[in-house]
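Take a look at the structure set out below.
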Amino acid sequence: MTLKISGDFSGRTIVVTGGSSGIGLATTKLFLGAGANVAICGRDNTRLSNAVVELAGEFDGDHVMAETCDVLDKDQIDAFAINVVQRFGGVDTLINNAGQARLSTFEDTDDAAWREELELKFFSVIYPSKGFQSHLEKSESGAIVCVSSLLSRQPEAHLVATSAARAGQLSLIHSMARELAPAIRVNSILIGVVDSGQWRRRFEADPDAGNDYEIWVRDISKEKGIPLGRFGTPDEAANAIFFLGTPYSSYTTGATIDISGGFSRHVG
Ligand code: NDP
């Protein structure tokens, strides 16, 4: 369900890394619907162009900016930050969303894969946060929201590198929350399973998946024993991101919101 936002967020500028698909795209729509300016980035030009066409059909194009940018390339991020500020005059919220999981066990994760995964989970937060920090500090209500995973607290053996990297990333995010306060609040959402582009790709790559995506997803929900009985939607993740990325959560920093349908089993 997409929230109908009652406040006026016109004049607020949001940056969404990985805004061309899934959770990032749903978040972009939610902020645009609330009147904000949104700048998105992704690596794949076609995916980005398709997102821009989709957004132009629903929203005023003057409020949208899209740029090809790899969050692991510091120079590209720094150039993106300059362009966003030139276009919209500043930045109020950064959403560190870009990324994906790596399916692998301790046995089959080689050294290069470990390095790639650690680099992705750490630098997808470090480069954009550093690149936009000085602009966020100028906002009256600067906020960073990191789209993270329940794996940071509840590791899975078949996602060994992603789980370990997410745990380290969560520690980094908590340290940033202390150091960047009070100018910038830093929070994260912890996702269990949300139906998005990456699950579509896993379905397409799974030789045993059959040919009905809905059935495949339903079977996984059952197998995992998700108490709410289904995958989450990108909109449900976006709603939590919106709360953390706006003054609605003005007294919250260093916190996490669980978006896992009750799949979380840890206490605290
Ligand atoms: P999608 O694959 O639908 O979207 C991922 C987005 O990130 C795309 O826009 C992609 O575009 C972009 N992206 C990936 N790598 C980079 C990069 N290096 N630089 C810039 N953009 C990049 O997946 P989701 O919406 O599911 O994923 C969003 C976030 O949520 C990810 O960090 C993911 O790990 C996390 N998450 C998702 C879960 C789920 O169940 N869906 C579970 C736990 C965490 P492009 O490929 O063109 O660059």
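Here, each number is a calculation from the coordinates, and none is a lab measurement. From a predicted model like this one, the values you see are computed outputs, not experimental measurements. We place every Cβ from the backbone using ideal geometry, glycine too, and count neighbours over all the protein chains shown.
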Karplus ³J(HN,Hα) for the stretch 26-41 (6.51 cos²θ - 1.76 cosθ + 1.60, θ = phi - 60°; Hz, whole; x = Gly/Pro) runs 4, 5, 4, 5, 5, 5, 4, x, 8, x, 7, 8, 10, 10, 10, 9
Does the stretch 100-158 come out rounded, prolate or oblate by the C-alpha gyration tensor, with a ≥ b ≥ c the root eigenvalues, rounded set by a/c under 1.5 and, if not, prolate when a/b is larger than b/c and oblate if not? oblate
What is the helix-to-structure angle for 213-224, meaning the angle in degrees between its Cα long axis and the longest Cα principal axis of the chain, kept from 0 to 90 and rounded to the nearest 10? 70 degrees
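Is there a pair in 74/138; 29/224; 121/222 whose C-alpha atoms are over 26 Å apart, and which pairs would that be? Please report the intermediate quantities before stating the final value.
Working: 74/138 21 Å; 29/224 30 Å; 121/222 29 Å.
Pairs exceeding the cut-off: 29/224; 121/222.
Please report, in whole Å³, the volume per residue of the convex hull around the C-alpha atoms of the stretch 82-208.
Values: hull volume 16.2 nm³, N = 127.
It comes to 128 Å³ per residue, whole-number rounded.
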For residue 66, residues with placed amide H under 5 Å, excluding near neighbours: 40
Over the chain: Kirkwood hydrodynamic radius from C-alpha pairwise inverse distances, Å: 18.8 Å
Relative contact order computed over the chain (Cα-Cα under 8 Å; 6+ residues apart), in percent: 20 percent
On Cα atoms only, tilt of 45-58 relative to the major axis of the chain in degrees: 60 degrees
How large are Rg and Dmax for the stretch 130-268 when only the alpha carbon atoms are used, in Å? 16.8, 52
By the Cα gyration tensor axes a ≥ b ≥ c (a/c under 1.5 gives rounded; else a/b larger than b/c gives prolate, otherwise oblate), the shape of the stretch 176-252 is prolate
For the stretch 93-137, which GluC sites (Glu not before Pro) are both in a DSSP coil and crowded by at most 16 other Cβ atoms within 10 Å? 107
Report the Cα centroid-to-centroid distance between the stretch 30-74 and the stretch 148-217 in angstrom, as an integer. 22 Å
Whole-Hz ³J(HN,Hα) for each residue in the stretch 123-132, computed from phi via Karplus 6.51 cos²θ - 1.76 cosθ + 1.60 with θ = phi - 60°, x for glycine and proline: what do you get? 7, 5, 9, 5, 4, x, 5, 5, x, 9
Sequence-distant or interchain residues sharing an amide H contact under 5 Å with residue 186, placed H: which? 144, 254
